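A.B. asks: Take this structure, written in structure tokens, and hold onto it; I'll ask about it next.
The values are calculated or read from the model by the stated rules, or taken from the named source; none is laboratory data. For clarity, every value in this text was computed on a predicted model and none was experimentally measured. Because the Cβ atoms are built from the backbone with ideal geometry, glycine has one as well, and the counts that use them run over all protein chains shown. The area values use the complete protein model at the heavy-atom level, side chains included, leaving out ligands, DNA and RNA. Shrake-Rupley method; radii C 1.70, N 1.55, O 1.52, S 1.80 Å.
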Amino acid sequence: MFRYEYYLRNKHFPHIWCTGCGCGIILKSLLRAIDRSALSKDEIALISGIGCSSRTPGYVDFNTLHTTHGRALAFATGLKLAKPDLKVIVVSGDGDATAIGGNHFIHTARRNIDITAIIYNNHIYGMTGGQASPTTPLGKRGSTAPYGSIEPDFDISGLAIAAGASFVARSTCYHAVQLDKFIEKGLSKKGFSLIEVLSPCPTYYSRPNRLGTAVDMMRWYKENSIPFARAKDMSAEERRDKVITGILHDIERPEFCEEYKRLTERVKGT
Amino acid sequence: MTSSNNTDTRLMTGNEACAEAALVAGMRFFAGYPITPSSEIAEVLARKLPSSGGVFIQMEDEIGSIAAIIGASLAGVKAMTATSGPGFSLMQENIGYAAMTEVPVVIVNVQRGGPSTGLPTLPSQSDVMQARWGTHGDHPVIAVVPSTVYETFVWTIKAFNFSEQYRVPVIVLLDEIIAHINEKITIPAHDELAIIDRTLSSQPPESYLPYKNTPSGVPLFAGFGTGYRYHVTGLCHDETGFPSSNARIVEELYLRLNRKIDQHRNDIIEYQTLDLDDAEICIVAYGSSARSAQRAVRIARQDGIKVGLFKPFVLWPFPGEELAELTRKAKTIIVPEMNLGQIAHEVSCATRKDVVSVNRVDGTLITPQEIVKRIYDVQV
């Protein structure tokens, strides 16, 4: 029988996350997906950078590595190449992954190394007090964008697809059941898989932007999410300010660890 | 074949010797980013690692390179990167991470002129203080400074040994001259070389404490994916590896991290002396500058001047006590270095003697004649 406690480092609770934060929802979804994937705790390495979501590894009973800001994917690349039989999972936030870690993000996707990255997108730097991030929507406020952001925001999933990821899906904290499936698919995908999850930050994103409580945010996700299959036939105007959820990209591409293994065999053969 | 059939004598550059030695030391993971004058180290390893059961990866930048080698080292693999000044600057945050999390890694910095892009193809010794204090915070580090191709071979292996034994980042400070000079070296037979591996925990995983103090101050290692599930963080942590901001625990951590090098400094520090016994003038020189200093001592000795040389192989921890003892009778100390006096200051603090600097920051080697001239100057 599935029990969260089996995967958690129970004595390290309570966690540091605010009431209404999406981090716990995503953590539980990740654990359900891992359980369904029948992976052992010893074969999982969970790696993170810096930020709220990056505190996740401390709470789970795997090989866990809490690294420097933005660099989780580069640490993960080294660990995965050195020990390819590990199932390497990275959890990261929008700022960690696409601002300070943007270079590692695109190159990890380009190499298509067998790592599953779960990016918690709450549109803000939560840990440091609500500064604007690369995914703060145009016009929305953060503590460093008091008059509203004048920068266009990043499409995290689109960035991963363009850079070469072989599996990309987007979901929200409201769609927890769907999220389980996407993470499970990502874990079983050979190659770089990325799951973007829209996650509420009631403390630092909803409040300055008058978006209500955590419950209001969940309602917003419910009412403004459009499945990818339906969104494909919609106009750009209809898609504006909506969240396109679903498996956005799923292709077969040579995976980096396997390519490296092939290279070593070729070199040794000659 | 002649009588030399038991020895392996070759002509090679410092960069080649560094790469070859790393393989002998057991290094099986290299991540790097192209940068002059270090690139040949990556090029040699890109050719050799795939057939040696190792991994070579060219990362997207130097920050990614050091991150990747730390990740690989956590899997229990000896790992290295090589760079030069600008890349070394980029690596500093994660060098601190390796120091804090006690992950063994070796970083080669082939020094060139700086700051900034500086003199990409010309030598310098201006990163010696950055090697010690480049990352933020109080932290332990070991840096070695070979001055010949042979020494580069030997000290690259020792760098790995230090790194494994004390679980610290170790920095190999080369410079453009040693990196690119071709010298004949006789590679020591493998059984003559001591190769040290990190000490693994034999505790059952349930009772393993990843940062528990030991008599040596160095915690026992367990590789990721070997059944020991534990937490590694750059945050201050207790012996379980989990974050703590408890004042007592935090202080204990910092003191242990530094103590584990301090208490072994006599095992780490190594230097060479030349004609120092009766020397009234002592030259302290390291890296390429030591080559000229050695020649300068010979020239001046021919004129009957009592001059000697102190040449450290390990620059950090600094051999200050040893230097002070050996130069007790000396009146003057001359420090030739390709920077504006970074080690001269350290020598002055350690010896309280009159220290004369010979500096060059124009991308040219300090010649023996320049040092000889200064010897005559202070002699008068």
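A.B. asks: Select from the stretch A:59-79 the residues that are open to solvent by less than 10 Å² (accessible area, probe 1.4 Å) and in a helix (DSSP H, G or I) and list them in ascending order.
C.D. replies: Of everything in the stretch A:59-79, those that are open to solvent by less than 10 Å² (accessible area, probe 1.4 Å) and in a helix (DSSP H, G or I) turn out to be A:Ala72, A:Ala74, A:Phe75, A:Ala76, A:Thr77, A:Gly78, A:Leu79.
A.B. asks: For the stretch B:283-308, which positions are surrounded by fewer than 23 Cβ atoms within 10 Å (Cβ to Cβ) and of a type outside the set (Gly, Ala, Ser)?
C.D. replies: B:Arg291, B:Gln294, B:Arg295, B:Arg298, B:Ile299, B:Arg301, B:Gln302, B:Asp303, B:Ile305, B:Lys306
A.B. asks: Would you check which residues across the stretch B:97-112 are open to solvent by 10 Å² or more (accessible area, probe 1.4 Å) and either within 17 Å of the chain's Cα centre (by Cα) or at pLDDT below 95 (or both) and list them?
C.D. replies: The answer is B:Arg112, and nothing else.
A.B. asks: Could you list all residues from the stretch A:101-120 that are farther than 17 Å from A:Ile251 by Cα, more than 15 Å from the chain's Cα centre (by Cα) and among the hydrophobic types (A, V, I, L, M, F, W, C)?
C.D. replies: none
A.B. asks: Which number in (1) closer than 18 Å to A:Pro227 by Cβ; (2) touching a Phe, Trp or Tyr at 6+ places or on another chain (Cβ under 6 Å); (3) surrounded by fewer than 24 Cβ atoms within 10 Å (Cβ to Cβ) marks the one condition that A:Ile195 misses?
C.D. replies: Only one criterion is unmet by A:Ile195, namely (3).
A.B. asks: OK, next. Identify, by number, the condition in (1) out of contact with any Asp or Glu (no Cβ under 7 Å at 6 or more places or on another chain); (2) open to solvent by 40 Å² or more (accessible area, probe 1.4 Å); (3) part of a strand (DSSP E or B) that B:Ala143 doesn't meet.
C.D. replies: (2)
A.B. asks: Output the residues belonging to the stretch B:294-320 that are in contact with a helix residue (DSSP H, G or I) (Cβ under 6 Å, 6 or more places away or on another chain), farther than 30 Å from B:His139 by Cβ and assigned to a helix (DSSP H, G or I).
C.D. replies: Across the stretch B:294-320, the qualifying residues are B:Arg295, B:Ala296, B:Ile299, B:Ala300.
A.B. asks: Okay, next question. Within the stretch B:48-57, is there a residue that is within 20 Å of the chain's Cα centre (by Cα) and closer than 24 Å to A:Ala72 by Cβ?
C.D. replies: Checked the stretch B:48-57: no residue is within 20 Å of the chain's Cα centre (by Cα) and closer than 24 Å to A:Ala72 by Cβ.
A.B. asks: Would you check if there is a residue in the stretch A:25-37 being among the β-branched types (Val, Ile, Thr) and within 17 Å of B:Gly234 (Cβ to Cβ)?
C.D. replies: Checking the stretch A:25-37: not a single residue is among the β-branched types (Val, Ile, Thr) and within 17 Å of B:Gly234 (Cβ to Cβ).
A.B. asks: Whether any residue in the stretch A:93-110 is open to solvent by 40 Å² or more (accessible area, probe 1.4 Å) and either in a strand (DSSP E or B) or on the phi > 0 side of the Ramachandran plot (or both) is what I want to check.
C.D. replies: no
A.B. asks: Looking at (1) within 9 Å of chain B (Cβ to nearest Cβ); (2) in a helix (DSSP H, G or I), which is the one condition that is false for A:Leu30?
C.D. replies: A:Leu30 satisfies all of (1) within 9 Å of chain B (Cβ to nearest Cβ); (2) in a helix (DSSP H, G or I) except (1).
A.B. asks: Here's a follow-up. What tally of residues in the stretch B:60-96 results from selecting those that are facing chain A (nearest Cβ under 7 Å) and surrounded by fewer than 24 Cβ atoms within 10 Å (Cβ to Cβ)?
C.D. replies: Looking only at that region, the number is 5.
A.B. asks: Here is a follow-up. Mind listing whichever residues of the stretch A:1-30 are of a type in the set (D, E, K, R) and open to solvent by 50 Å² or more (accessible area, probe 1.4 Å)?
C.D. replies: If the condition is that a residue be of a type in the set (D, E, K, R) and open to solvent by 50 Å² or more (accessible area, probe 1.4 Å), then A:Arg3, A:Glu5, A:Lys11, A:Lys28 are the ones that fit.
A.B. asks: So, one more: Among (1) open to solvent by 30 Å² or more (accessible area, probe 1.4 Å); (2) in a helix (DSSP H, G or I); (3) more than 8 Å from chain B (Cβ to nearest Cβ), where does A:Pro84 come up short?
C.D. replies: It is condition (2) that A:Pro84 fails.
A.B. asks: Right, here's the next one. Return the residue satisfying two criteria in turn: it lies in the stretch B:29-47 and is of a type in the set (D, E, K, R) and more than 19 Å from the chain's Cα centre (by Cα), and of such residues it is nearest to the other protein chains (Cβ to nearest Cβ).
C.D. replies: B:Arg47
A.B. asks: Within the stretch B:156-259, considering only strands (runs of 3 or more DSSP E) that don't extend past its boundaries, which have at least 1 residues that are within 14 Å of chain A (Cβ to nearest Cβ), at pLDDT 95 or above and more than 26 Å from B:Val108 (Cβ to Cβ)?
C.D. replies: B:231-233
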